[in-house]
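**Student:** I have a structure here, written as structure tokens, and I will follow up with some questions on it.
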Amino acid sequence: MLLNTAVDLGKGVLFFPILEKQSKRTALAYLGTMIVEAVLLVIGVLCLLLIVPLAQLSVDSGQANAAWAQVLGSLAIKSNGMIYQVAEMSLGFGCVFLCLQLLRARLIPRFLSIWGLIGYPLLMAGAIAEMFGAHIGLVFSIPGGLFELALVFWPIFNGFESGALRRRTEDLNQETSVSPAMG
């Protein structure tokens, strides 16, 4: 989970300059949701790490403390599961912004952006279903997970659509080079 946290936070940081050229608001929204997801995942890991001292407490102390340690350990495990689902909802929410911007800017092929726009709402729906006891989250996370793999490999092998980057840069240059009206 900590490795996943570092990867997702890295995605947010690495995508920020690319998205910022297109839309600063979208770049900040995506980065913000990745930070929220990372913080939540770290809290979930800390919940799991509480099991170690609780196990020691149940071994070292009497029967009453062992029962409390078992209850608290169970609570830590359930808390981790719930926090993980909320983190996945944050990931899905932020990635909808990412996919919308990728679609608008045409940085990647249209089908790939649309794939993400379908996959991430499914991820959010699966996380909500998991929180209410319907164990379909893993199945619903497959389209978003496959999109993330495609998003990693597409730029490596094909690059971003340079025409889209060039057009946006030219648009920004034209906006800033407009001469003031004489008066």
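**Student:** Inside the stretch 78-113, can you point out the residues that are of a type in the set (A, V, I, L, M) and not in a helix (DSSP H, G or I)?
**Tutor:** LEU107, ILE108
**Student:** Next up: Would you be able to say whether some residue in the stretch 64-85 is in contact with a Gly (Cβ under 7 Å, 6 or more places away or on another chain) and either modelled with pLDDT under 90 or of a type in the set (A, V, I, L, M, F, W, C) (or both)?
**Tutor:** Among the residues of the stretch 64-85, at least one is in contact with a Gly (Cβ under 7 Å, 6 or more places away or on another chain) and either modelled with pLDDT under 90 or of a type in the set (A, V, I, L, M, F, W, C) (or both), which makes the answer yes.
**Student:** Here is a further query. Surrounded by 16 or more Cβ atoms within 10 Å (Cβ to Cβ), over 16 Å from PHE147 (Cβ atoms) and β-branched (Val, Ile, Thr), is that true of ILE77? Steps first, answer last, please.
**Tutor:** On the way: surrounded by 16 or more Cβ atoms within 10 Å (Cβ to Cβ): no; over 16 Å from PHE147 (Cβ atoms): yes; β-branched (Val, Ile, Thr): yes.
In short, no.
**Student:** What are the residues in the stretch 98-144 that are surrounded by fewer than 16 Cβ atoms within 10 Å (Cβ to Cβ), free of Cβ contacts under 8 Å to residues at least 24 places away in the same chain and farther than 13 Å from GLN85 by Cα, if any?
**Tutor:** Answer for the stretch 98-144, where residues must be surrounded by fewer than 16 Cβ atoms within 10 Å (Cβ to Cβ), free of Cβ contacts under 8 Å to residues at least 24 places away in the same chain and farther than 13 Å from GLN85 by Cα: ARG110, PHE111, ILE114, VAL139, ILE142.
**Student:** Among the residues of the stretch 1-34, count how many are basic (Lys, Arg) and either at pLDDT below 90 or crowded, with 17+ Cβ neighbours inside 10 Å (or both).
**Tutor:** 2
**Student:** Sort out which residues of the stretch 14-31 are under 17 Å from LEU41 (Cα atoms) and among the hydrophobic types (A, V, I, L, M, F, W, C), and write them in order of number. Steps first, answer last, please.
**Tutor:** At the first step, the residues of the stretch 14-31 found to be under 17 Å from LEU41 (Cα atoms) are 30-31.
LEU31 - this is the single residue of the stretch 14-31 that is under 17 Å from LEU41 (Cα atoms) and among the hydrophobic types (A, V, I, L, M, F, W, C).
The values are calculated or read from the model by the stated rules, or taken from the named source; none is laboratory data. Here the structure is a predicted model, which means the values were calculated and not measured. Here the Cβ is made from the backbone with ideal geometry for all residues, glycine too, and neighbour counts use every protein chain on show.
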